[in-house]
1. Name the residues in the stretch 443-460 that are more than 21 Å from F290 (Cβ to Cβ) and under 16 Å from the mean Cα position of the chain (by Cα), would you?
2. Could you tell me which numbered condition E128 fails, if it satisfies all but one of (1) buried (at least 20 other Cβ atoms within 10 Å of the Cβ); (2) within 27 Å of the chain's Cα centre (by Cα)?
3. Looking at (1) over 22 Å from the mean Cα position of the chain (by Cα); (2) without any contact (Cβ under 8 Å) to a residue 40 or more places away in the chain; (3) under 30 Å from R371 (Cα atoms), which is the only condition L265 fails?
4. Answer yes or no as to whether T317 is polar (S, T, N, Q), surrounded by 15 or more Cβ atoms within 10 Å (Cβ to Cβ) and closer than 30 Å to L264 by Cβ.
5. Residues that are surrounded by fewer than 21 Cβ atoms within 10 Å (Cβ to Cβ), without any contact (Cβ under 8 Å) to a residue 12 or more places away in the chain and within 23 Å of the chain's Cα centre (by Cα): does the stretch 203-214 have at least one?
6. So if I check each of I181, I165, I174, I194, which one is modelled with pLDDT of 95 or more, over 27 Å from the mean Cα position of the chain (by Cα) and of a type in the set (A, V, I, L, M)?
7. Looking at (1) buried (at least 24 other Cβ atoms within 10 Å of the Cβ); (2) part of a helix (DSSP H, G or I), can you tell me which one G269 breaks?
8. Kindly indicate which of R482, R478, R379 is part of a helix (DSSP H, G or I), surrounded by 16 or more Cβ atoms within 10 Å (Cβ to Cβ) and of a type in the set (K, R).
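The values are calculated or read from the model by the stated rules, or taken from the named source; none is laboratory data. The structure displayed is predicted, hence computed values, not measured ones. Positions of Cβ are generated from backbone atoms using ideal geometry, with glycine treated the same way; all protein chains shown enter the neighbour counts.
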Amino acid sequence: MTLPDGPAPGRIPLYRTISDGIIRDIRRGRYLEGTRLPASRALAKELGVNRATVHQALQVLKREGWIETNKGGGTHVARRSAAAPVLAPSPAWDRISSSLLSRIVAEAAGQEPFPDAPFDLARLAPDEREFPAEEFAAALSEVARDGALLAYGSPFGYRPLRETIARRLERRGIPADADAILVVNGAQQGLDLITRALVDPSDPVAVEEPSYSGALALLRAHRARLLGVPLDASGPTPEALRAVLAERPKFLYTIPDFQNPTGLLTSPGRRAEIVEAAAEAGVLVVEDAFDADLLVEGELPPPLAALAPGLVVHLGTLSKALFPGVRVGWISGPRELVHRLAALKRIGELTSPPVLQAALNLFLARGGYDRHLARTRARLKARLAVAHRTIARCFPAGTRCEKPLGGYVLWVRLPEGVSGRELAASVRGEGVLLSPGADYVPDRSDVAAVRLSVARLSGAELEAALEIAGTHARQAARRARRAAGPAGVRGEEALIGI
């Protein structure tokens, strides 16, 4: 050991400094319980101190219970009682971790939680200041008086809520049945259950390209082989979709309503093509309808589950339109599969909280959700308009961005040669958070795109944030044109493809 750094000499006795150093070595696992310490002569020589000083340090360690001395047996690290902390190093986590945990940790490497920033265009989560917290709290207080709701519930979820969900799905044309609905802790848990139930390592899974980053990370963690299907203005491209389905993936994961990250609303005709192609190939479709309630103009086409209920598993949630902390989503689909997923869910968590589900059901039944949804849609429509207008004004020539008909996100395709990753990194220094397009492609390669979320900023804040992002994007575009040489030079005032 070496003498630790500490306060100036004279304030702490040297023997105390030595004893503290040995304690530190014991805590770090250099000396394990029952192991013999070096002889006092050797310690004195190693530390360059008087042997008497080492004896004083050992007396302190013995008095405090860190060491034991046996006649003729030298000095050993004490064996602690069962009530005391175990003095041993932590297990070698890399040795004992499962391959799944190792993949999840690797997936998360370098991804830090969203920091506080003045302009958050990254998080796809509604602003907490807009939650109907008081109205929901009243419903929660009311149902919490029922002791039965504080006990274990069914793994399928609170039945009255399942019946309410079934009625809402039926209004969208889905022939839903409360007995074929499984309440889950958000759509993310629903997708995880489906993946755990169906996917073994190396199994193919078809995904849109780009697609929701959380789904891609989950599928990679389960070692699925991702088959990307490019998108056009109407949805997944038919030729690519049929080619991918010919490989017989375990399922096709699709987001037809305000797709994440593009904001695309899959056209009615393309929806019919998707289910026809899946039926011909005998491939299950997992439809993620996480944003379906956030239409702000036009009409919402029928969901895939309404077109082919025996072929489609429908995922829904209230996290995005209401608030994510309650963690209530659902799986609706073929009864046999839903019941198998319920058995899998029971193994992992027994049940979801009945009291929260009962409060949410009361909130829905009394119209609280629909009133909140009307306010949310009005704000969202204005924000999407501001964001689209500001992108057209501030971003460089060659930028392309479609204005979504709902949902929280806009997909900004940058001029050729502009890195989405580099743009996201450069604006972060000015307090603007955006999501690079690389997060949404199966192989995580850099792409000339970023995703913007309007969920958390007001109109004025959106304008200020996008002006900053536009300035950085124009600078990046100029650098890309210079790097491309004369053939890459274009007029600075060329129209943006909006």
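1. Narrowing the stretch 443-460 to residues more than 21 Å from F290 (Cβ to Cβ): 443-448, 458-460.
Answer for the stretch 443-460, where residues must be more than 21 Å from F290 (Cβ to Cβ) and under 16 Å from the mean Cα position of the chain (by Cα): just R444.
2. Here E128 clears every test but (1).
3. Only one criterion is unmet by L265, namely (2).
4. Criteria met by T317.
5. No, the conditions are met nowhere in the stretch 203-214.
6. Exactly one of I181, I165, I174, I194 is modelled with pLDDT of 95 or more, over 27 Å from the mean Cα position of the chain (by Cα) and of a type in the set (A, V, I, L, M), namely I174.
7. Evaluating G269 over (1) buried (at least 24 other Cβ atoms within 10 Å of the Cβ); (2) part of a helix (DSSP H, G or I) leaves (1) as the failure.
8. R379
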